[in-house]
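So the structure is just underneath, and the comments pick up after that.
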Amino acid sequence: MNVAGPACAEVRKAAVDFVHFLNKAVTPFHAVEECSQMLREAGFRELKETEHWKVEPLQKYFVTKNRSAIMAFAVGGAYKSGNGFSIVVGHTDSPCLRVKPVSTLKSERFLQVGVSTYGGGLWRTWFDRDLSLAGQVVVNQNNSIVRKLINVEKPVLFIPNLAIHLESDRTKFECNNEVNLRPIIASYAAVELNKCDDKKCEADEVDPRKIVKDHHPVLLELIAKHASCKPEDIIDMDLYLYDAQPAVIAGVKEEFISGARLDNLVGTYTAVRGLIESVEGDATFESDTNIRIAACYDNEECGSQSAQGAESAFTEWVLRRLAAANHDSSNPVAFEEAIGKSYLISADQAHACHPNYAAKHEENHRPAFHGGVVVKINHNQRYATTGLTHAILKQIAHTAQVPLQKVVVRNDSPCGSTVGPILSSGLGLQTIDVGCASLAMHSIREFGETTGIFHAKKLYTTFFRQLPSVMASLQ
């Protein structure tokens with residue numbers, strides 16, 4: 001079957017399912033919740049980080065960290081301590097604006113919300129968009145700390161552009177991220193401001209848990225409504241702004257995906273779906289000697305240095321627990337042996353060649369839409385791909401009948417990076433960096449292709465099923 005054409009029914013279904021996921025996964029917390037739900041429906045059982053794990057062959061599990069990162073694993077029927085790990089990883093976060101701990105701002109009869117820039121976003125694209133709010137709210141409930149997910153799901157914040165008539169230089173856009181990225185939430189005219197009585201304020205009980213003085217009442221009332229609590233019960237919040245316009249399948253031939261957070265919810269979704277589909281009706285799972293793992297980390301966009309990021313020790317600790325799954329105390333180096341038999345795919349979006357800026361791309365490495373999964377190569381190891389790891393993936397892609405492309409940045413251009421080199425160097429894992437082709441990366445609204453979802457999902461499904469036999473063929 002020729003899957004390169006965007007009209008293929010399987011391609012369309014994969015894209016439709018992904019867009020449905022994308023529109024629900026508006027923050028890393030929501031992405032992990034959606035992944036957890038997919039895994040539960042596929043028979044995966046949640047483990048708690050604090051529990052004693054009993055991991056058995058032919059069983060499926062997942063564990064979360066901070067509820068914004070997730071690792072899922074399916075234990076092959078022939079797995080023994082010291083066997084390898086077949087791993088595909090992505091990340092759940094995307095560049096965005098996040099509400100500051102003290103967000104109260106006022107200017108020219110408008111109430112505004114103070115926000116921080118998160119990651120390397122194209123901040124000019126956040127102007128003139130309908131913005132909504134979502135995230136995790138921490139609530140005091142009967143003196144217990146309770147975490148709740150909220151999603152406002154309608155436009156409530158706005159950053160209008162300055163009219164062109166007031167610009168001194170109309171040929172360029174300039175933005176001070178501290179001063180000009182201040183969303184409007186309401187006008188004075190529409191809100192009765194709650195002014196603090198000085199004497200009452202002085203007499204208030206000191207309670208660091210209360211944040212009612214840190215944010216506009218109109219914002220806290222909105223959040224409290226969606227968290228089903230009172231504003232004074234809110235202890236803290238991790239709130240993200242996002243584009244309220246849903247992602248869609250677009251184009252005359254319905255071949256494109258237009259929406260936010262393609263970087264890197266494409267990687268997150270295809271890694272998890274690839275794992276799930278690799279064990280559904282798979283006869284090889286019973287004889288699989290490996291543990292199949294899909295991991296999705298938070299905080300990649302700001303360096304991965306967090307408890308829930310790829311640079312933390314969390315991955316090693318989980319792998320060590322799995323390496324000792326059958327409690328074989330006679331092999332004290334099972335983890336180290338497993339690492340040498342393992343292979344990791346880092347799945348993160350790749351830059352397609354832009355038709356209006358083709359000269360920005362290296363002339364022999366110009367990935368195209370519908371051309372297959374993109375392998376990222378950088379000889380300075382900004383990407384973790386090597387000749388051997390590339391060859392292994394080529395063998396798997398041949399079996400899957402999934403085309404591969406290659407990208408190398410120009411020598412006079414900076415190169416981004418991924419969690420691939422972090423995990424490869426930290427764990428000593430053989431690693432390859434790949435992604436699906438996209439345009440407008442880090443914009444509030446990115447532009448991707450439908451076939452990439454199908455190709456990536458099929459490649460990762462085949463990878464989970466075929467890696468042990470391919471690794472065994474190495475000489």
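Express the relative contact order of the stretch 96-243 as a whole percentage, based on alpha carbon pairs under 8 Å and six or more residues apart in sequence. Each step should come with its number before you reach the end.
On the way: 237 pairs, mean separation 55.1, N = 148.
So the answer I get is 37 percent.
Based on the Cβ-Cβ distance of Lys172 and Glu254, what FRET efficiency does E = 1/(1 + (r/R0)^6) give at R0 = 35 Å, to the nearest 0.05?
For R0 = 35 Å, the calculated efficiency reads 0.45.
Rounded to the nearest 0.05, what FRET efficiency is calculated for Ser144 and Asn180 with R0 set to 41 Å and r the Cβ-Cβ distance?
About 0.50, to the nearest 0.05.
Only bridges whose two residues both fall in the chain count here: according to DSSP, what percent of them are antiparallel, nearest 5?
70 percent
Highest mean first, how do 129-135, 431-437, 55-61 rank when packing is the count of other Cβ atoms within 10 Å averaged over residues?
Details: 129-135: 21.1, 431-437: 27.6, 55-61: 16.0.
Highest-to-lowest ranking by the protection proxy: 431-437, 129-135, 55-61.
Provide the net charge surrounding His390, with neighbours chosen by a C-beta distance below 14 Å and charges set as Lys +1, Arg +1, Asp -1, Glu -1.
Result for the neighbourhood of His390: +2.
Where does the charge balance sit around Asp288 when Lys and Arg score +1, Asp and Glu -1, over other residues with C-beta under 9 Å from its C-beta?
Counting the neighbours of Asp288, the net charge comes to 0.
Along the charge dipole of the chain, which of Ser86, Trp317, Ala368 sits closest to the positive end, that is, farthest toward it, with unit charges on the beta carbon of Lys, Arg, Asp and Glu (+1, +1, -1, -1)?
With unit charges placed on the Cβ atoms, the residue in question is Ala368.
Put +1 on the Cβ of every Lys and Arg and -1 on every Asp and Glu Cβ in the chain; which of Pro468, Ile339, Gly135 then has its Cα farthest towards the positive end of the dipole?
Pro468
Please give the charge dipole size of the stretch 305-371, origin at the Cα centre, charges +1 on K and R Cβ atoms and -1 on D and E Cβ atoms. Round to the nearest 20 debye.
Dipole of the stretch 305-371, to the nearest 20 debye: 160 debye.
Using a 7 Å offset from the Cα along the Cα-to-Cβ direction at both Glu46 and Thr104, what is the distance between the two label points in nm, to one decimal?
3.6 nm
Return the Cα extents of the chain along principal axes one, two and three, sorted largest first, each rounded to a whole Å.
Sorted from largest, the Cα extents of the chain read 77, 55, 40 Å.
Which value, in debye to the nearest 20, describes the size of the charge dipole of the stretch 96-243 about its Cα centre when Lys and Arg Cβ atoms bear +1, Asp and Glu Cβ atoms bear -1, and nothing else is charged? Numbers along the way, then the final one.
Details: 20 positive and 22 negative charges, 44 e Å.
Result for the stretch 96-243 is approximately 220 debye, rounded to the nearest 20.
What order do you get for 161-171, 106-116, 390-400 when each peptide is scored by the mean count of other beta carbon atoms within 10 Å, highest first? Write out the running numbers ahead of the final one.
Working: 161-171: 8.2, 106-116: 16.1, 390-400: 17.6.
Output ranking for 161-171, 106-116, 390-400: 390-400, 106-116, 161-171.
Restricting to Cα pairs below 8 Å that are 6+ residues apart, what does the relative contact order work out to for the chain? Please round to a whole percent.
Reported as a whole number, the value is 24 percent.
Return the long-range amide H neighbours of Glu311 (sequence gap of 5 or more, or a different chain), with a cut-off of under 5 Å between placed amide H atoms.
Amide H neighbours of Glu311: Ser306.
Mind checking the per residue accessible area of the stretch 96-243 for me, 1.4 Å probe, whole number of Å²?
Value returned for the stretch 96-243: 60 Å² of accessible area per residue.
Output wanted: per-residue J couplings in Hz (rounded whole) for the stretch 169-180, from phi through Karplus 6.51 cos²θ - 1.76 cosθ + 1.60, θ = phi - 60°, x for Gly and Pro.
10, 7, 8, 9, 10, 10, 9, 8, 5, 7, 9, 8
So, with a 1.4 angstrom probe, what is the percent of accessible area on the chain that is carbon and sulfur?
The computed percentage sits at 49.
Heavy atoms of the protein only, probe of 1.4 Å, neighbouring chains included. What is the accessible area of Lys406 in Å², nearest 10?
Surface open to solvent at Lys406 totals about 100 Å².
Once ligands and nucleic acids are excluded and a 1.4 Å probe is used, how much of Trp126 is accessible, expressed in Å² to the nearest 10?
That residue has around 10 Å² of solvent-accessible surface.
Simple spin-label model, 7 Å along Cα-to-Cβ: Thr399 to Cys302 in nm?
Inter-label distance under the simple model: 4.0 nm.
State the percent of C-alpha pairs, over all pairs in the stretch 1-141, separated by a distance greater than 28 angstrom.
The answer is 43 percent, as a whole percent.
Quick one: net charge around Val375, please, counting Lys, Arg +1 and Asp, Glu -1 for every other residue with C-beta under 9 Å from its C-beta.
+2
Given the C-alpha centroids of the stretch 74-102 and the stretch 267-330, what is the distance between them in whole angstrom?
For the stretch 74-102 versus the stretch 267-330, the Cα centre distance is 6 Å.
Counting Lys and Arg as +1 and Asp and Glu as -1, each charge on the Cβ, what is the dipole of the chain about the Cα centre in debye, to the nearest 20?
Values: 49 positive and 55 negative charges, 104 e Å.
It works out to roughly 500 debye.
Once Rh is set to the Kirkwood radius over Cα pairs, what Stokes-Einstein translational diffusion coefficient, in µm²/s, holds for the stretch 335-475 at a temperature of 20 °C and a viscosity of 1.002 mPa s?
It comes out at roughly 137 µm²/s.
Whole-Hz Karplus ³J(HN,Hα) for the stretch 21-29, in order, using 6.51 cos²θ - 1.76 cosθ + 1.60 and θ = phi - 60°, x for Gly and Pro?
With coefficients 6.51, -1.76 and 1.60, one gets 4, 4, 6, 8, 8, 7, 9, x, 5 Hz.
Would you compute the Debye intensity of the stretch 96-243 from its alpha-carbon atoms alone, equal scatterers and no solvent, and pass along log10 I(q)/I(0) at q = 0.09, 0.14 Å⁻¹ to two decimals?
At q = 0.09, 0.14 Å⁻¹ the computed log10 ratios are -0.32, -0.73.
Would you please state which residues of the stretch 66-92 a label at Ser287 would reach in this model, taking the label point 7 Å out along Cα→Cβ and a backbone N cut-off of under 12 Å?
Only 78 fall inside the zone, counting backbone N under 12 Å.
The values are calculated or read from the model by the stated rules, or taken from the named source; none is laboratory data. The structure presented is a predicted model; accordingly, all values stated were derived computationally and were not measured. Note: ideal-geometry Cβ built from the backbone for every residue, glycine included; neighbour counts use all protein chains shown. Just the protein is used for accessible areas: all its heavy atoms, side chains included, with ligands, DNA and RNA removed. Shrake-Rupley method; radii C 1.70, N 1.55, O 1.52, S 1.80 Å.
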